[in-house]
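Heads up: the structure comes next, in structure tokens.
What follows draws every value from the coordinates through simple rules; no lab data is involved. None of these values were measured; they are calculated from a predicted model.
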Amino acid sequence: MSAENEVREASKKFYAGLNRMMNGENNVMNDAWSHNSSVTAMHPIGGREIGWEKVNDSFNQVSNLATSGKVVLKDQLINILGDVAYEVGVEQIQQAKIAGEEISGEVRVTNIYRKDGGTWKIIHHHSDPAPAMLELLNRLKSSQK
């Protein structure tokens with residue numbers, strides 16, 4: 001299998017986990033991510049997480065609020081530089097239900113992968129802020145006060 005196809009498979013694994021997370025499942029990113037202390041994530045809800053434990057916790061926090069939805073990567077472009085690869089594209093959030101409210105939208109995304117023990121693993125996920133998600137989180141924070 002070519003390196004590009006291997007990265008595509010790693011991407012499919014990441015998005016399969018992301019979709020399981022959107023349907024309320026915890027700890028679904030284990031196989032897709034490298035588990036070292038230097039991995040990072042910058043989610044559509046803002047902030048930055050550093051290290052596997054914090055990145056995994058951030059996905060689990062969303063899964064605790066999510067009950068349905070789908071994230072689809074469109075306009076995928078992959079570039080490979082030795083043992084590092086990046087992909088850019090647009091994530092479409094479709095019919096998501098978070099904290100009982102439906103949201104949808106599109107965000108630009110960059111994912112970085114590194115070959116780890118012969119397998120491509122994601123080491124960084126960065127998406128633009130998603131206005132619908134930020135608005136929902138602000139409402140949730142206001143209602144808890």
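Specify the residue with the greatest mean-square fluctuation among S63, S37, S127, computed from a Gaussian network of the chain linking alpha-carbon atoms under 10 Å apart.
S37
With an 8 Å cut-off on Cα pairs and a minimum separation of 6 or more residues, tell me the relative contact order of the range 3-144 in percent.
Computed value for the range 3-144: 24 percent relative contact order.
Once both axes come from the Cα atoms, what is the angle between helix 3-22 and the longest principal axis of the chain, in degrees from 0 to 90, rounded to 10?
Approximately 20 degrees, to the nearest ten.
Over 5 Å intervals from 0, what percent of Cα-Cα pairs in the range 1-104 sits in each interval?
The percentages, shortest bin first, are 3, 12, 19, 25, 22, 12, 5, 2, 0.
With a/c under 1.5 counting as rounded, go ahead and sort the range 43-145 into rounded, prolate or oblate using the C-alpha gyration tensor (a ≥ b ≥ c being the square roots of the eigenvalues; past the cut-off, prolate if a/b is larger than b/c, else oblate).
Values: a/c = 2.44, a/b = 1.72, b/c = 1.42.
Because a/c hits 1.5 or more and a/b exceeds b/c, the range 43-145 counts as prolate.
List the relative contact order of the range 77-141 as a percent without decimals, with contacts defined as Cα pairs under 8 Å and 6+ residues apart. List each step's numbers first, then the result.
On the way: 100 pairs, mean separation 16.4, N = 65.
In percent, rounded to a whole number, it is 25.
Name the shape class, rounded, prolate or oblate, that the alpha-carbon gyration tensor gives for the range 14-62, where a ≥ b ≥ c are the square roots of its eigenvalues, rounded holds for a/c under 1.5, and otherwise prolate holds if a/b is larger than b/c and oblate otherwise. Working shown, then result.
Details: a/c = 1.91, a/b = 1.27, b/c = 1.51.
The shape class here is oblate.
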